Amino acid sequence: MKTSDIHSFAEYEKTYQISIAQPEAFWAEQAEKLTWQKKWDKVLEWDFVEPNIQWFVNGKINITENCLDRHLDKKGDKVALIWEPNDPDEKCIQYTFKELHAEVGKMANVLKNNGVKKGDRVCLYMPMIPELAISIMACARIGAPHSVVFAGFSSQALVGRVEDTKAKVVLTSDGAYRGTKTIPIKTVVDEAVLSCPLVDKIIVVQRTGEDVNMQPDRDVYLHDELKKVNAICPPEAMDAEDALFILYTSGSTGKPKGVVHTTGGYSVFVDYTFRNVFQMEEDDIYWCTADIGWVTGHSYLVYGPLIAGATTVMFEGVPTYPNSGRFWDVIDKYKITHFYTAPTAIRALMAAGEEIVKPYSLASLRVLGSVGEPINEEAWQWYNKNIGKEKCPIVDTWWQTETGGIMISSLAGVTPCFPTMAAYPLPGIQPVLMDKDGNEITDNEVEGYLCIKFPWPGMLRTTYGDHERFKKTYFSAYKGKYFSGDGARRDSRGLYRIIGRVDDVINVSGHRFGTAEIENAINQNIKIVESAVVGYPHDIKGQGIYAYVILTHDAENESIENVKTMINETIIKEIGHIAKPDKVQIVKDLPKTRSGKIMRRILRKIAENEISNVGDTSSLLNPQVVEDIIQGRV
Ligand code: PRX
């Protein structure tokens, strides 16, 4: 029995029409499917100019009651979470809904004992261990907004995020296993909190067992704290519009912003989109490979599947350990039916060759998914042929940290899938394409800036501590519309293909970085005067980072290798390994307009190797630099 609402193309079309004609009635109907402690007075209040968005006004709900408690009667003994460790020889851990409910209750009581109260922000800097999934739900249980920071970010990046939320409690682990490596985690937190005086408690999960510095009165081990609590923790009654979590994401400016999601609308949206996009049946096993440090892990590893009562798989390791067959091995091991991953992973595994896939059956698979960046035709075809064996629909799901959940996607097996196309807007979602003058393009066979013209329950409500920035970033480019920052094409059938970012955001392996953020980091290096960073097409990562740098007079004779090393060191310190540039070019000057603005358009063309087509350079202050940069390109 399918858990979805839409089972045929005709039903999709009909539902879509209804959802647009009567969005409030449509979303109220979806909200009714969840357990509320108090029903809402009004479905929606909104204003995209202010902007102010409220869904299910005055409703009271706890998301964990929906993820856990309400399944206990009928599915208490069903497996809710399967955890696959980094080392395939280590024992996996499975939690039934009953067990997960108890673990979340205990963890919630640990948080309470350590001074966390409703409304307090809690920062989580953890690897992919079950305690991470349990902790985010424990926070939600007691009404403490969680802020997960991907454990690949540096201590400096962690400082910025902890400071911004003013979290007093940080959850972490001693270390992390990733492939062959053991990575220190607690030491990163130790270094960060030196600059975060508000942090007075660090709760440490023992994962690798290595010695870590434990500061008396501040640092406690989770296993000691768990001895002091029981599993009973009633779900806090949260207002539908109370914050559920904050998640930092990069934009066009230097400082990442804290995207705020609230409780009621987010719960309804991730439940509805999960059930209808993936079309699962009761005994299916679903695996999303995303890290919980990113939004996909929040919405479609933890909350969406658990609200829907599905079995969800969490993986600690990397796709290439012990070899590039690991994903396929895990699929066979658990008889995964639904597999959701990123194009960058598909391309990396494709590069490892078809031979590696051959020994695996993959016969359990029924639905494949893609998320995080545009999937190129070659990767789509490879995924379809070698993994899906040409019998699994591929849902190419377009969405963003800000949207909370899937916005444009085929519904698996219900609406058709087309290579490289996200295709159909989900019911309740009203995408529009805008031209550069701010007019809506109503025809088909067009390209434009992708906006959404009506609110949806899962959308962000603000950027933490800075509502003006929220307004400026998302609602000022096109008046009265949410601007995604993406460009898209609508074909003759009205289906969407996402082209990619049109702002100064680079999507590296599905992870967003602002060019300004990377430049700020590079410029921290005392041997660098100025830098400009652009994205360029990269075979595996989707986009690579190309950095043009001007050295100080003293550093002029440094070799390119030394310059790269020092830039990498700076980036690793300021942001983390994931933001290291792929290419570095030393330049004497950067092309600038007369007002001093760097002409990134030209730098992008050079990085893309489109040197015959760099465009008009006559308006530059220093047109002669362009030829020098072309000559020196890498
Ligand atoms: O450019 C789009 C791209 O990823 C951006 C959002 O990144 P983030 O907030 O990190 O969330 C990623 C996971 C939802 C978008 O602005 N993107 C995401 N999914 C797709 C995509 N581009 C094309 N096709 C997709 N399916």
Six or more apart or on different chains, Cβ under 6 Å: which pairs go from a residue in the range 239-253 that's outside the structural domain of F513 (by TED's automatic domain parsing) to one that's more than 14 Å from the ligand (Cβ to nearest atom) and at pLDDT below 95? Could you list them?
T253/A516
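Here's the yes/no breakdown for (1) under 13 Å from R461 (Cβ atoms); (2) free of Cβ contacts under 8 Å to residues at least 60 places away in the same chain; (3) in contact with a Phe, Trp or Tyr (Cβ under 7 Å, 6 or more places away or on another chain):
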{"site": "P23", "(1), (2), (3)": "no, no, yes"}
{"site": "A31", "(1), (2), (3)": "no, no, yes"}
{"site": "Q37", "(1), (2), (3)": "no, no, no"}
{"site": "L44", "(1), (2), (3)": "yes, no, yes"}
{"site": "N58", "(1), (2), (3)": "no, no, yes"}
Selection from the range 218-247 of residues that are among the aromatic types (F, W, Y) and over 17 Å from C139 (Cα atoms):
Y221
Take the residues in the range 294-309 that are of a type in the set (V, I, T) and under 18 Å from Y95 (Cβ atoms); name whichever of them is farthest from the ligand (Cβ to nearest atom).
I307
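Yes or no, residue by residue, for (1) surrounded by fewer than 21 Cβ atoms within 10 Å (Cβ to Cβ); (2) under 16 Å from I375 (Cα atoms):
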| site | (1), (2) |
| --- | --- |
| R490 | no, no |
| G500 | yes, yes |
| Q524 | yes, no |
| Y536 | yes, yes |
| K541 | no, yes |
| E558 | yes, no |
| V563 | yes, no |
| N568 | yes, no |
| D582 | yes, no |
Could you tell me which of the residues A348, A352 is more than 12 Å from the ligand (Cβ to nearest atom), among the small types (G, A, S), assigned by TED's automatic domain parsing to the domain that holds G265 and free of Cβ contacts under 8 Å to residues at least 60 places away in the same chain?
A352
Restricting the range 8-45 to residues that are surrounded by fewer than 16 Cβ atoms within 10 Å (Cβ to Cβ) and in contact with a strand residue (DSSP E or B) (Cβ under 7 Å, 6 or more places away or on another chain), the one farthest from L72 (Cα to Cα) turns out to be E45
Looking only at the range 295-334, which residues are out of contact with any strand residue (DSSP E or B) (no Cβ under 7 Å at 6 or more places or on another chain) and assigned to a loop (DSSP other than H, G, I, E, B)?
A308, G309, P319, T320, Y321, P322, N323, S324, G325
Being assigned to a helix (DSSP H, G or I), of a type in the set (D, E, K, R) and surrounded by fewer than 23 Cβ atoms within 10 Å (Cβ to Cβ): is that true of E378 here?
yes
Residue list for the range 355-373, filter: more than 10 Å from the ligand (Cβ to nearest atom) and small (G, A, S):
S361, A363, S364
D217 being at positive phi and surrounded by fewer than 21 Cβ atoms within 10 Å (Cβ to Cβ):
yes
For K228: the one exception among (1) assigned to a loop (DSSP other than H, G, I, E, B); (2) charged (D, E, K, R); (3) in contact with a Lys or Arg (Cβ under 9 Å, 6 or more places away or on another chain):
(3)
Please verify whether the range 437-454 includes one or more residues that are within 11 Å of the ligand (Cβ to nearest atom), of a type outside the set (F, W, Y) and modelled with pLDDT of 95 or more.
yes
Test: S595 is more than 16 Å from the ligand (Cβ to nearest atom), farther than 22 Å from D291 by Cβ, not in a strand (DSSP E or B) and not hydrophobic (A, V, I, L, M, F, W, C):
yes
Would you point out which residue out of S250, S267 is within 15 Å of the ligand (Cβ to nearest atom) and surrounded by 23 or more Cβ atoms within 10 Å (Cβ to Cβ)?
S250
Residue hits (the range 566-595; over 30 Å from the mean Cα position of the chain (by Cα), more than 13 Å from A532 (Cα to Cα) and touching a residue at least 12 places away in the same chain (Cβ under 8 Å)) are T593, R594
Given the conditions (1) within 13 Å of the chain's Cα centre (by Cα); (2) closer than 17 Å to D466 by Cα; (3) of a type in the set (S, T, Y), which single one is not true for T296?
(2)
For residues that are among the small types (G, A, S) and more than 21 Å from G304 (Cα to Cα), tally how many sit in the range 1-37.
4
Hey, can you tell me all the residues within the range 364-398 that are within 25 Å of F245 (Cα to Cα) and either free of Cβ contacts under 8 Å to residues at least 40 places away in the same chain or in contact with a helix residue (DSSP H, G or I) (Cβ under 6 Å, 6 or more places away or on another chain) (or both)?
S370, V371, E373
Does the range 374-384 contain any residue that is under 19 Å from the mean Cα position of the chain (by Cα), in the same structural domain as Q279 (by TED's automatic domain parsing), within 15 Å of the ligand (Cβ to nearest atom) and of a type in the set (D, E, K, R)?
no
Residues that are away from the ligand (no atom under 13 Å from the Cβ) and among the small types (G, A, S): which strands (runs of 3 or more DSSP E) entirely in the range 483-557 hold 2 or more of them?
528-538, 542-551
Tell me which residues, restricted to the range 388-431, are farther than 27 Å from G258 by Cβ, in contact with a Gly (Cβ under 7 Å, 6 or more places away or on another chain) and within 14 Å of the ligand (Cβ to nearest atom).
I394, V395
Would you mention how many residues in the range 558-580 are out of contact with any Ser or Thr (no Cβ under 9 Å at 6 or more places or on another chain) and outside any helix (DSSP H, G or I)?
3
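The values are calculated or read from the model by the stated rules, or taken from the named source; none is laboratory data. Fair warning: this is a prediction, and the values are worked out from it, not measured in the lab. Cβ coordinates were reconstructed from backbone atoms using ideal geometry, including for glycine residues, and neighbour counts include every protein chain displayed.
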